[in-house]
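The values are calculated or read from the model by the stated rules, or taken from the named source; none is laboratory data. What you see is a predicted model, and the numbers here were worked out from it, not measured in a lab. FYI the Cβ positions are ideal-geometry reconstructions off the backbone, even for glycines, and counts take in every protein chain you see. Quick note on the areas: whole protein, heavy atoms, side chains included, nothing else; ligands and nucleic acids left out. Shrake-Rupley method; radii C 1.70, N 1.55, O 1.52, S 1.80 Å.
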Amino acid sequence: MAGAGSSMLGSVLVFTVILSLQEIYRGKLASSELFTILGGFTSSLLFLFSLTFIGNFQESSSIKSGWGAVILAEIIALIAASTVHRVCITTCFLFSAGLLYEVNKISGYMLSKTESKSKRH
C-alpha cells in the first residue's frame, strides 16, 4: 500500500485531471441522457478521490476520521456535478453511495486481514 503522502498527492492529481476534463467536456456531457449519467459517474469519481485525499490528510494530521470527511467529499462532488447538469447531481449521489459501500467493504476486508496477520505474529 502507498503511504499517506503519496496517496494524497496521487488523489489530488487524479482529482484535478478528472475535474478539468469534466469542465472541458461539460457541453458534451449535458447533451444527452447517457452522457448526463456519465457526467454523474465522473463526479462520483471526484467524490472517491476527494475522500481519499481528506482521509489521508486526517490520518497524517492525527485527526479522527468520520462522517465529516464523507459529507465534505460528497458536497465537493455534488458542486462539481452541478456545473455540468442538474441530473448529474442525482446520478453523482447514487454512484457515490455505491462507491462508498464498496470502499467500506474493501476497508473492512483489509482491516480484518491486517488484524489476523498481527494476531499470528
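Take region 21-56 and flag every residue that is more than 25 Å from L9 (Cβ to Cβ), in contact with a Leu (Cβ under 9 Å, 6 or more places away or on another chain) and of a type in the set (A, V, I, L, M). Passing the criteria: L29, L38.
The numbered conditions (1) within 20 Å of A97 (Cβ to Cβ); (2) touching a Ser or Thr at 6+ places or on another chain (Cβ under 7 Å) are all true for S7 except (1).
Taken together, the criteria place A73 among residues that are crowded, with 20+ Cβ neighbours inside 10 Å and either over 16 Å from the mean Cα position of the chain (by Cα) or without any contact (Cβ under 8 Å) to a residue 60 or more places away in the chain (or both). One residue stands out in region 57-70 among those that are among the small types (G, A, S) and either in contact with a helix residue (DSSP H, G or I) (Cβ under 7 Å, 6 or more places away or on another chain) or under 18 Å from V12 (Cβ atoms) (or both): the one that is surrounded by the fewest Cβ atoms within 10 Å (Cβ to Cβ), namely S61.
Pairs are defined by a Cβ separation below 6 Å, a sequence spacing of at least 6 or placement on different chains, a first member in region 10-37 that is touching a residue at least 12 places away in the same chain (Cβ under 8 Å) and buried (at least 16 other Cβ atoms within 10 Å of the Cβ), and a second member that is of a type in the set (A, V, I, L, M, F, W, C) and not in a helix (DSSP H, G or I); the pairs so defined are L29/V84; A30/V84. Of all residue pairs spaced 6 or more apart or on separate chains, those with beta-carbon atoms under 8 Å, a first member in region 38-52 that is touching a residue at least 12 places away in the same chain (Cβ under 8 Å) and a second member that is open to solvent by 40 Å² or more (accessible area, probe 1.4 Å) and of a type in the set (S, T, N, Q) are G40/T90.
When the residues of region 76-85 are filtered to those that are small (G, A, S) and in contact (Cβ under 8 Å) with a residue 24 or more places away in the chain, the one that is surrounded by the fewest Cβ atoms within 10 Å (Cβ to Cβ) is A80. When the residues of region 87-121 are filtered to those that are at pLDDT below 95 and charged (D, E, K, R), which remaining residue is nearest to F49 (Cα to Cα)? Once the filter is applied, the top-ranked residue is K113.
Being part of a helix (DSSP H, G or I) and hydroxyl-bearing (S, T, Y): is that true of S118 here? The answer is yes for S118.
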